[in-house]
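Report on the structure given below.
Nothing in this text is a laboratory measurement; each read-out follows from the coordinates by a stated rule. Please read these numbers as outputs of a predicted model, since none were measured by experiment. Quick reminder, even Gly has a Cβ in these numbers, built from the backbone with ideal geometry, and neighbours come from all protein chains shown.
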Amino acid sequence: MKIYRPIKHMAEVLSKDKPKIFESLLTNVTDLVNILPDLNFTEDPKLEEMRKEIEGKLCDITADQLRDSKYLRNLALEAAEGLRLRIKEKGGIEDEDTLEMMDFSKIIEKCGKPVYEQMEMEGE
């Protein structure tokens, strides 16, 4: 599941003694938060609630702040790990095969680009 991977990766990186923190650690999460409304075809309120929680807990921090502050790293790690466990539990995720089957990027490949990208392409 595309939601799970960037959150899991962030938790793994931040849990290391000397993490190498790149901008992509945060942009992957921010990109997820930005695209989730377009992927929430059924307008599931639980998915929207999760998106808002991810945005509130993990998108208001910079890579520089995480590099410079062990305290902020620990707060972000705690948030990412908590979110990861909830996503895994609620999504019934058991292994990487399940994650692969649930990957939203495959849905986009089959169904086309998100609505806002289609509108931009059409000049709306």
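Some notes on this structure:
- In nm, spacing of pseudo-spin labels at Asp31 and Glu89 (7 Å Cα→C-beta vector): 3.0 nm
- Entries in Lys16/Lys52; Lys2/Lys90; Lys46/Lys70; Lys70/Lys90; Lys20/Lys52; Lys2/Lys52 that, when Cα-Cα distance is taken, lie over 24 Å: Lys16/Lys52; Lys46/Lys70; Lys70/Lys90; Lys20/Lys52
- Modelled spin-label separation between Thr62 and Asp38, with each label point placed 7 Å from Cα along the Cα-to-Cβ direction: 2.7 nm.
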